[in-house]
Structure formats: structure tokens, C-alpha cells
Ligand SMILES: [Zn+2]
């Protein structure tokens, strides 16, 4: 490492060579490039907002940064302004846009992995969200504890720091070190999962178009299918595992994921720990899965409402866009919306959330933005940047060249 400008007068040798060596947590280390005298200075406490950007927004912002958007491309002015405001608020330590497993899933399928990884790390503040399936598993676990106690559905708390790796309020490092993990090994499996998801969504949509269910019918069905959906997914994973083990194809074994099987093995172990005889554990887990209380699980509930809103559109003769990507968007909203301050999502998803029942019956923390309310998003980002104190602004200029 070496000292970065601006250079001030060294307290020891008095030469104008005293620069920034590093920033770590809430401490900046300064060192003289001449006499090597150094000391630490404590940085003020900050309280950063957390915003989820979908894959589309991340990639537009990255292209804008790299000057890779073609001239006159749609919404060029918006993305340029968006990049500037996000960058300023980010360097002023007012906001982070953590990376998510939903990003890396799409990254592998649609883009060059190394470049998109840089894109996701661009504004991440060295943090990333816990996996969406982990967050859902934790919610399930808390509901299982309540079920065993014989109490009603628990009231969960939504502290964003509980679902983030890395420290939200650390000052940004002056050097960003990219974590060079290789996601590509999972790509074939992901492609298959996506096509499976797309096929099942299409057949669901055909059913809606044919049977014309009401919003309420779809919602009731989705909410109450927690147990049956889980059992089906579990059966599917067990079948795939047996198939792969029986085949001579090593790559199909490599592609296996045991997530769901491990999840229920652990849940069964928890039931045993709470006094259920081991031979009854899986049975009890299965009974718990059908517990009506599960309808209140936050991620499950929000997802069900989104499906119902989508289904209602199909049922009433509209043709919403039903690609597999929409399930990713639904998962993002269902999982993160109770925790984060704001989300930038697909326009169609944002409009589904505007539907009456969703507006009146779902409550979550996040403000929702999309291409439909561009100016509001710009205003929001500007307000974040403006909320920095004078001291923080000055430090942001000195350490990161925020207003350069
Ligand atoms: Zn010196």
C-alpha cells in the first residue's frame, strides 16, 4: 500500500507529504510518504440506508459508469443522473446497494460473470445479502418454534443488519478488493432450474386463463399450499438426487444441490431436540408444514399476494409478461421488502404491488421504485446524498473524491 493524495503537512517532518494510507471500519490511517510517520484518525459514525437494485438497474448503472451505453439509448439521461446521485450518496456513506444471490444467479445465465460481478460490487459497500432461501428458512424456523410451543404465529422483527454479511456502517475502503469466487460451476443447474420454473409458471398461467379464478381464490390457494409446495419441491430434489447417483454422469452429481433436504433434516433435528421422539420427527415436520399459521410467514405471504395479483391479471384477460425472471423479482420483493429502505424493481412488479388488496393488506418497510417513477427515485437518491453532515461531506471529498 502507498499514500494517496491529498497530501497535507506532515506533523513530524513538516513536508507536504502526509496522505491517506487506508480506511478500515471507522478509522483512517494517514502516513507521511517521506518520513513514514503515521497515525490513525477516527471517522464519525454513519447510519447507511440499504437499497436493493434489481439486475437490470445494476447492469444499466455499470454500463453508464463504463461508458458502455450506446448514445441515445433509451433512458440514457435517467441512468446518467441516477449513477451520479447514487455514486455521491454512496461515497458520502449514506447508502449501500448490497449484492444478492438473485443477482449472481442471473449474472451467470445472461452475462459475462467477471464483468457483472464488478457491477454488483460497484455500490455494495463490501456487503451482500444473505441468500434468499436462508432468510426464508430462518422465518420457517421461528414459526416452527412457535408451532412446537403451541402458540400462534410469531411476530418477527426485521433488522436489516440480521440479513447482511459485512458491516453496513463501515466507511468504504480506499481500495476495493474484488472477491474472485467462481460461480460458473453452478451455471448448468441454474439454467435448468430457470427453464423448469418458466414451464411451471406457464402451465399455472394456462390454468388461470382457462378457469378464470378470482384474486381471492388464487390467494387462498397460494397461502394454503405452503406444505404441499414444500413437499413437492422436496420430492423433486430427492428424485433428482437418486437419478444422478444412479447415472454414470459425474457432472449431474456435481450439479446436485441438497439445500431443501438439509433444511428439513435440520428442522427434524430441532423437533427431536424439543422432545419429539426421533421416529416421529419427519411426520411432525410434515404436520407443521400444513399448519395454517404458516400463512403469516412474511416471505411466503408477500410471494402469495404477488402470484395472486399476477394470476388475477391473466384471469381477467390481460397478458402480463410471464418470464422466469419474474419469479426472481417476486422472491426479491417477498424476502427483502420488510428489511430494506427501498427497492428498485421491474416495472410490472411495481405495478402489481399497486393493486388494491396488496396495498391494503401487505405492510413492509421498503419504498418501491421502478422505471415508472424515475423522477421519484432520483429525488430519493439526491435526498440521501444531501443528508450527509458537513463533516462527512468533507471527509468523503478528501478520502474518495466524492465531488470530483
Ligand atoms: Zn513526514
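From (1) part of a loop (DSSP other than H, G, I, E, B); (2) exposed (fewer than 15 other Cβ atoms within 10 Å of the Cβ); (3) free of Cβ contacts under 8 Å to residues at least 60 places away in the same chain, pick out the condition that doesn't hold for residue 403.
Condition not satisfied by residue 403: (3).
Against the condition crowded, with 17+ Cβ neighbours inside 10 Å, under 22 Å from residue 159 (Cα atoms), within 23 Å of the chain's Cα centre (by Cα) and assigned by TED's automatic domain parsing to the domain that holds residue 89, how does residue 371 come out, does it pass?
Spelling it out, it is not the case that residue 371 is crowded, with 17+ Cβ neighbours inside 10 Å, under 22 Å from residue 159 (Cα atoms), within 23 Å of the chain's Cα centre (by Cα) and assigned by TED's automatic domain parsing to the domain that holds residue 89.
Going by the structure shown, is residue 58 crowded, with 19+ Cβ neighbours inside 10 Å, away from the ligand (no atom under 16 Å from the Cβ) and at pLDDT below 95? Spell out how you get there, then give the answer.
Numbers: crowded, with 19+ Cβ neighbours inside 10 Å: yes; away from the ligand (no atom under 16 Å from the Cβ): yes; at pLDDT below 95: yes.
Answer is yes for this residue.
Kindly state which helices (runs of 4 or more DSSP H) lie completely within the stretch 181-275 and contain at least 2 residues that are in contact with a helix residue (DSSP H, G or I) (Cβ under 7 Å, 6 or more places away or on another chain), at pLDDT below 80 and buried (at least 16 other Cβ atoms within 10 Å of the Cβ).
Details: elements: 187-211, 215-224, 226-246, 250-254, 259-273.
Per the criteria, 187-211.
Could you check the stretch 27-55 and list, in sequence order, the residues that are assigned to a loop (DSSP other than H, G, I, E, B) and farther than 30 Å from residue 102 by Cβ?
Within the stretch 27-55, 33, 34, 35, 36, 37, 43, 44, 45 meet the criteria.
For residues that are at pLDDT 90 or above and out of contact with any helix residue (DSSP H, G or I) (no Cβ under 9 Å at 6 or more places or on another chain), scanning just the stretch 118-139, find the one that is surrounded by the most Cβ atoms within 10 Å (Cβ to Cβ).
In this case the residue turns out to be 124.
Per-residue answers, yes or no, for (1) surrounded by fewer than 16 Cβ atoms within 10 Å (Cβ to Cβ); (2) outside the structural domain of residue 385 (by TED's automatic domain parsing); (3) within 10 Å of the ligand (Cβ to nearest atom):
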| position | (1), (2), (3) |
| --- | --- |
| 10 | no, yes, yes |
| 13 | yes, yes, yes |
| 17 | no, yes, yes |
| 20 | no, yes, no |
| 23 | no, yes, no |
| 29 | no, yes, no |
| 32 | no, yes, yes |
| 37 | yes, yes, yes |
| 50 | no, no, no |
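Here are some conditions: (1) touching a strand residue (DSSP E or B) at 6+ places or on another chain (Cβ under 7 Å); (2) surrounded by fewer than 16 Cβ atoms within 10 Å (Cβ to Cβ); (3) modelled with pLDDT of 95 or more. Residue 5 meets all but one. Which one does it not meet?
The single condition residue 5 does not satisfy is (3).
Give 281, 268, 299 a once-over and let me know the one that is farther than 14 Å from residue 141 by Cβ and in the same structural domain as residue 164 (by TED's automatic domain parsing).
On the way: 268 fails: farther than 14 Å from residue 141 by Cβ; 299 fails: farther than 14 Å from residue 141 by Cβ.
Of 281, 268, 299, the one residue that is farther than 14 Å from residue 141 by Cβ and in the same structural domain as residue 164 (by TED's automatic domain parsing) is 281.
Residue 2 versus (1) within 16 Å of the ligand (Cβ to nearest atom); (2) part of a helix (DSSP H, G or I): which is the lone unmet condition?
(2)
Tally the residues that are crowded, with 19+ Cβ neighbours inside 10 Å and over 15 Å from residue 99 (Cβ atoms), restricting the search to the stretch 147-171.
So the answer is 3.
The values are calculated or read from the model by the stated rules, or taken from the named source; none is laboratory data. Remember, it's a predicted structure, so these values are computed and weren't measured experimentally. Positions of Cβ are generated from backbone atoms using ideal geometry, with glycine treated the same way; all protein chains shown enter the neighbour counts.
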